[in-house]
Amino acid sequence: MKLICNEIWRNKRCRSAGLILITILLFCFILPGVMKIDPTHQDLSNTFDSVSFRHLLGTDNLGRDNFVRLLTATRQSLLISLSASLFSIFIGLIIGVTSGLSNTKTDFLWMRFSDIFLAFPKFFVFILMLGFTNFSFLRFIFVLAILSWMEPAKIIRTEIKTIKGSLYYQAALCQGIHPFRIFHTILLPNIISIVSAAFALQTSSMVIIESGLSFLGLGVQAPQISLGTLLNQARTYPINNYSLILQTGFFMLITVMAFHLLGDGLKDVINKARFQK
Amino acid sequence: MSSVILTVKNLKIMHQNFNFRGHPSFLLKDINFTLPKNRSISIVGESGSGKTTLMKTLLGIHSIKSGRVLFYDTDIGKINSKEKKNYRRSIQPVFQNYRQSFNPLITLRKSLLIGFNQKMSPSGKVKFLHENLNLVELPIDIIHKYPHQVSGGELQRLAFVRALTTQPQILVLDEPFSSLDIINEQKLLEIILNIQKTYQLSIIFITHKLPLVQYFNDQVHKITNNQFSRWSKYEQ
């Protein structure tokens, strides 16, 4: 485990992505509280204000502070996408490990089950499950996760199959130890890096899906804001409020890129570890 | 006459790859031998003749399709999972490809500690490890390293220590000398004979080097043209 952590820290991509993510997280979770500006506070005498000390990134059509709204929106988006991808990775881990360890028939059944899920038209399900009911965060996260556990599950299953064919797994098997201990001592250290890479990539795609759904009005509802709702709101005033479109886009880009970079770096680390085998 | 630990009767082993016509294709037929306590047998054969597959079948990694393997009086093909666990613990392998037989991502200490009986005290485990590291002539602090940080020869000897942690009765050695020079070969040979003497182990020695058979020659078997047969010429 220590070996993996060292490798991750030594990898340039992982390190820079980590620093960007920590900065984003600190900004989003601490600054809105420190600045003491309510993101929903309206000031109709001050609409479409330009950049100033009072409003770092200007104001929108109702005179609300763009900067604080952006930070709050990013925080909301991050919270939703992180928990959704955590949930989906958790489901993927359980199904991937069971399927990888079980015999051919059970494995076959699990994988066809995941194929069925892969074949669902996602947006249709989103509209069905989110469009006709009141918005709730838990349901939103659940729906996001339930439609995206398949890829991690397949990745983890393949990894488990590879480990199963390795000599060190067979050596552990020959020592007659309990399956739980095999999982704990042999499988977990070897899949943890691939799981975290999958997690990072999953989160980045979750940010985009979440923003897309919120943009269409299926996700987060006003007065709560996420990057998608912010973009939708800015879209209505493309000329007066073009800066908000750019700013939201920039925040989304940075967040998604950081997660992608982290995932990529983790992949590099995994390949290096494989090479050492 | 010492008591017999392992009896193999009419064992057949199959090709591990698919046969698309659905007919079972046998790699080796009519494998028969008995392994008494504290004795050693050698199995000599060319590369690709099925020696390692035979080893994995004996270890319980591959299932037994035809024939019987008796451990004392119990049939290995018909035991429940608890008995199978006990059987697996009492027959331990040292793989030919020892570098791949250690998990590259955990320290050697963790790899070595996996096999111990859970009821054993931590100090007991450490004491056992120290004694056995002495037995295979390795420094004690080597166990804090990762597999890629130690040499092949050292890893091989650690594989012996790992095999001993489950307190086995049989040791299956798959070509242990295949990548060693003559000096190290001699050294390892002494270590193996020393281990056998200390723990009163039975040894199944699988090799393609005929000169080494003289050290494990209570029984010698050869594999030629898919036939498993006794080779008494080289026995004591």
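Going by what's in this entry, would A:Asp65 be described as modelled with pLDDT of 80 or more, in contact with a His (Cβ under 8 Å, 6 or more places away or on another chain) and open to solvent by less than 30 Å² (accessible area, probe 1.4 Å)? Explain how you work it out, then say what you get.
Working: modelled with pLDDT of 80 or more: yes; in contact with a His (Cβ under 8 Å, 6 or more places away or on another chain): yes; open to solvent by less than 30 Å² (accessible area, probe 1.4 Å): yes.
So A:Asp65 fits the description; yes.
Regarding B:Val161, is this residue farther than 27 Å from B:Thr7 by Cβ, in contact (Cβ under 8 Å) with a residue 12 or more places away in the chain, aliphatic (A, V, I, L, M) and touching a helix residue (DSSP H, G or I) at 6+ places or on another chain (Cβ under 6 Å)? Lay out the reasoning, then the answer.
Details: farther than 27 Å from B:Thr7 by Cβ: yes; in contact (Cβ under 8 Å) with a residue 12 or more places away in the chain: yes; aliphatic (A, V, I, L, M): yes; touching a helix residue (DSSP H, G or I) at 6+ places or on another chain (Cβ under 6 Å): yes.
It is true that B:Val161 is farther than 27 Å from B:Thr7 by Cβ, in contact (Cβ under 8 Å) with a residue 12 or more places away in the chain, aliphatic (A, V, I, L, M) and touching a helix residue (DSSP H, G or I) at 6+ places or on another chain (Cβ under 6 Å).
Just checking, does segment B:109-116 include any residue being more than 12 Å from every other protein chain (Cβ to nearest Cβ) and free of Cβ contacts under 8 Å to residues at least 40 places away in the same chain?
So in segment B:109-116, the residues more than 12 Å from every other protein chain (Cβ to nearest Cβ) come out as none.
No.
Could you tell me how many of the residues in segment B:88-104 are touching a strand residue (DSSP E or B) at 6+ places or on another chain (Cβ under 8 Å), open to solvent by 20 Å² or more (accessible area, probe 1.4 Å) and within 7 Å of chain A (Cβ to nearest Cβ)?
Within segment B:88-104, residues that are touching a strand residue (DSSP E or B) at 6+ places or on another chain (Cβ under 8 Å), open to solvent by 20 Å² or more (accessible area, probe 1.4 Å) and within 7 Å of chain A (Cβ to nearest Cβ) number 0.
Among the residues of segment A:190-229, write down those that are open to solvent by 20 Å² or more (accessible area, probe 1.4 Å), among the small types (Gly, Ala, Ser) and within 14 Å of chain B (Cβ to nearest Cβ).
Selection gives A:Ser196 alone.
State whether the residues of segment B:60-68 include one that is at the interface with chain A (Cβ under 10 Å from one of its Cβ atoms) and buried (at least 20 other Cβ atoms within 10 Å of the Cβ).
yes
Counting only residues that are outside any helix (DSSP H, G or I) and open to solvent by 50 Å² or more (accessible area, probe 1.4 Å), which one in segment A:158-189 is nearest to the other protein chains (Cβ to nearest Cβ)? Spell out how you get there, then give the answer.
Here is the first cut: in segment A:158-189, the ones outside any helix (DSSP H, G or I) are A:165-166, A:175-178.
Okay, now just the ones that are also open to solvent by 50 Å² or more (accessible area, probe 1.4 Å), so A:165, A:178.
On the way: A:Gly165: 10, A:His178: 8 Å.
Per the criteria, the residue is A:His178.
If a residue has to be surrounded by 22 or more Cβ atoms within 10 Å (Cβ to Cβ) and among the hydrophobic types (A, V, I, L, M, F, W, C) to count, how many in segment B:115-128 make the cut?
Let us first name the residues in segment B:115-128 that are surrounded by 22 or more Cβ atoms within 10 Å (Cβ to Cβ), namely B:115.
Imposing the further condition that a residue be among the hydrophobic types (A, V, I, L, M, F, W, C) reduces the set to none.
Here the count works out to 0.
Given the conditions (1) within 14 Å of chain A (Cβ to nearest Cβ); (2) surrounded by fewer than 18 Cβ atoms within 10 Å (Cβ to Cβ), and given that B:Pro147 satisfies all but one, which numbered condition is not satisfied?
Going through the list (1) within 14 Å of chain A (Cβ to nearest Cβ); (2) surrounded by fewer than 18 Cβ atoms within 10 Å (Cβ to Cβ), B:Pro147 breaks only (2).
Looking only at segment A:1-49, count how many residues are of a type outside the set (Asp, Glu), in a loop (DSSP other than H, G, I, E, B), away from chain B (no Cβ under 14 Å) and open to solvent by 70 Å² or more (accessible area, probe 1.4 Å).
Here is the first cut: in segment A:1-49, the ones of a type outside the set (Asp, Glu) are A:1-6, A:8-37, A:39-42, A:44-48.
Of the ones still in play, those that are also in a loop (DSSP other than H, G, I, E, B) are A:1, A:11, A:36-37, A:39-42, A:47-48.
Now narrow it down to the ones that are away from chain B (no Cβ under 14 Å): A:11, A:36-37, A:39-42, A:47-48.
Still in the list and also open to solvent by 70 Å² or more (accessible area, probe 1.4 Å): A:36, A:41-42.
Residues in segment A:1-49 being of a type outside the set (Asp, Glu), in a loop (DSSP other than H, G, I, E, B), away from chain B (no Cβ under 14 Å) and open to solvent by 70 Å² or more (accessible area, probe 1.4 Å): 3 in total.
The values are calculated or read from the model by the stated rules, or taken from the named source; none is laboratory data. The model shown is predicted, which means the values in this text are computed figures rather than measured ones. Positions of Cβ are generated from backbone atoms using ideal geometry, with glycine treated the same way; all protein chains shown enter the neighbour counts. What goes into the accessible areas is simple: the full protein's heavy atoms, side chains included, and nothing from ligands, DNA or RNA. Shrake-Rupley method; radii C 1.70, N 1.55, O 1.52, S 1.80 Å.
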